[in-house]
1. Going through the stretch B:259-304 one residue at a time, which ones are touching a helix residue (DSSP H, G or I) at 6+ places or on another chain (Cβ under 8 Å) and among the hydroxyl-bearing types (Ser, Thr, Tyr)?
2. Considering only the stretch B:352-362, I want to know if a residue exists there that is in the same structural domain as residue B:381 (by TED's automatic domain parsing), under 21 Å from the mean Cα position of the chain (by Cα) and within 29 Å of residue B:251 (Cβ to Cβ).
3. Of all residues in the stretch B:367-390 being among the hydroxyl-bearing types (Ser, Thr, Tyr) and either assigned to a strand (DSSP E or B) or more than 26 Å from residue B:318 (Cα to Cα) (or both), which is most open to solvent (accessible area, probe 1.4 Å)?
4. Tell me whether the stretch B:332-340 contains one or more residues that are surrounded by fewer than 14 Cβ atoms within 10 Å (Cβ to Cβ), free of Cβ contacts under 8 Å to residues at least 24 places away in the same chain, assigned to a strand (DSSP E or B) and of a type in the set (Ser, Thr, Tyr).
5. Consider residue A:45 against the criteria (1) open to solvent by less than 10 Å² (accessible area, probe 1.4 Å); (2) within 9 Å of chain B (Cβ to nearest Cβ); (3) not β-branched (Val, Ile, Thr): it satisfies all of them except one. Which criterion is unmet?
6. I'd like the full set of residues that are open to solvent by 10 Å² or more (accessible area, probe 1.4 Å), among the small types (Gly, Ala, Ser), within 12 Å of another protein chain (Cβ to nearest Cβ) and on the phi < 0 side of the Ramachandran plot, limited to the stretch A:131-168.
7. Can you pull out every residue in the stretch B:367-385 that is more than 23 Å from the chain's Cα centre (by Cα) and closer than 26 Å to residue B:272 by Cα?
8. I'd like the full set of residues that are in a strand (DSSP E or B) and either of a type in the set (Phe, Trp, Tyr) or surrounded by fewer than 19 Cβ atoms within 10 Å (Cβ to Cβ) (or both), limited to the stretch B:222-248.
Amino acid sequence: MLADRPPFENLYRDYLGRIYAYVRAQVATAADAEDITAQVFMNAYQAYGRFETRNTSPAAWLFRIARNATTDHFRAHGRRERLRRTIERQPVAEADPGSMAEERLQYKALLVHVARLPERQRDSIALRHSGLSFEEVGVLMSCTEDAAKMLYHRGLKALRDSVHQEGE
Amino acid sequence: MSEEEDLELKALQRQLDDAFQTTRPRADFEEELWLRMQSRRPIWLRVRKGLAGLVEGIRESRLPSVAAGAALIMLMAAGVFTLARLPHGGGGASTAAGPISNDGAAAPGGAPFGAVPRPQLSVPPQVQGGSIAYGGAATLVWAGNLQVTATALPVYRYTEPTRADADAFAAKVGAAPSADVAQGGIGVYAGRDFTLVVLASVAQPPREPYFNVSDLKSTVKSTGDSVAVATAILAAHHLLPTWPYQTAVQTIGGTAVRVDFLRSFDVPGLGRLSLVDSAGNPYGTQVDFAPGTAGAFETGPMPLTIDPATYPIISAAQAIQSLGASSAPSGGSIPVVRITKAELVYTLVWGGDHSYYEPAYLFSGTFSNDGVPSVKRVLIPAVVPSLLAP
């Protein structure tokens, strides 16, 4: 029902940062993250008239759009770059001026490790730490809540191992 | 799991929480994107914000209430039917020669810009001239005729404008920075009875810096020849294109009118080459208005200085060869498309601080995709591969 929906601007202001962080944890550059985040909200804006809160929460709805947009990005641009990064094991390159501020973030290196995880593990971690429940993560990833938990914990252990390996 | 391992994972979870909570876009991004979304809203939503002012204007003019109501309905109709997103160039197209600017007609010269980024299409599903644009794989069969004698063409480059550039442009249009001014190279300006928004280049789909004017109390008489009306509306704001153009007129929903001033580049020996967007559609400056009402909406490229440099191009035969290389093997559900049309065009390629208008071969063919009339377009960069950035 229209009356149940918050104004789109509220959704935009509330979720822009979380959606950006979710995308940023998966793609190579801040510029890519901005482009995908922009696409997410453009798509959401166009589709908002059809969004019904009784079917899903605003968070789950937006993260579904974000997940699809990120997948599309990888299909279009990402495969060769990801393979190259995996082989070289280098931190992602940041060439754009807009990313300079992000360089200062304390946890950027950790997100680089997240980006290197297998796709479904990476996705479960990014969705969970973007504030979604395991039930919502499961729905988005087309699996049960328990399977989502399992994926997440496997991802967490893989992440720990990745961080340890680099420290050695 | 040992207690130590458990603690280690919990610490990692805490770090992840912090990492996701502290990873945020740059400070200006939120307002920039919001403005971009606002500027791309369907026209009726843009109208809604200004309706209060329009109603006030109608009241001030002491129009009979029936006429005022009709004016409102007409203006709203203009917006509602814009939702149909009719394609550029559809409907009764007409042509008119525009003044030739230094932009489009500048003689090639100056130092080349080094390797330039590669132009490409990104075709969203959309109606184009009665057909659905098809962006998927296809087996391409060349069945057209393409002859190009040119061996070099100009590439045009512009520098991303600064906030000061946007301010100067707004001043020329007759608008001053408003209280809503956003940061980051985007300007919002107020003029007498109109609002001007200037937006920076967009990387994907590529878009040059552009303006939107919401003109709610235009003094231009909006009846008569549509092109003349649109020309007068643009001229009133000093926004008439200075580059060569053709006009195309669409009637939207039977009441509103859209006039496109489709940009082209004058190339010595080849005539005018159309500028196409990332879907292969011609574009330029656009004016929407509803005859008999006071409102109008104008959007188009911000006037910029562009520098030319000559680049060697591939031949028509090489372009056709590249077309063949992009063809998918036949079989399965992959459609077979006869490519019957080809033309040299210019297309915008975003490059960050500098972006480019580059020549390209645009191939197209129509086909039936499971009974749905569809069009397949393929863009082959014209600049020789050795001068395209990898």
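The values are calculated or read from the model by the stated rules, or taken from the named source; none is laboratory data. Computed from a prediction, not measured in an experiment: that's the story for all the values here. Cβ sites come from the backbone with ideal geometry, for glycine too, and all protein chains shown count toward neighbours. Remember, those area values only see protein heavy atoms, side chains included, never the ligands or the DNA or RNA. Shrake-Rupley method; radii C 1.70, N 1.55, O 1.52, S 1.80 Å.
1. B:264, B:285, B:293, B:299
2. Yes, the stretch B:352-362 has at least one match.
3. That would be B:368.
4. No: zero hits.
5. Among (1) open to solvent by less than 10 Å² (accessible area, probe 1.4 Å); (2) within 9 Å of chain B (Cβ to nearest Cβ); (3) not β-branched (Val, Ile, Thr), the lone unmet condition for residue A:45 is (1).
6. Of everything in the stretch A:131-168, those that are open to solvent by 10 Å² or more (accessible area, probe 1.4 Å), among the small types (Gly, Ala, Ser), within 12 Å of another protein chain (Cβ to nearest Cβ) and on the phi < 0 side of the Ramachandran plot turn out to be A:158, A:162.
7. B:384, B:385
8. B:245
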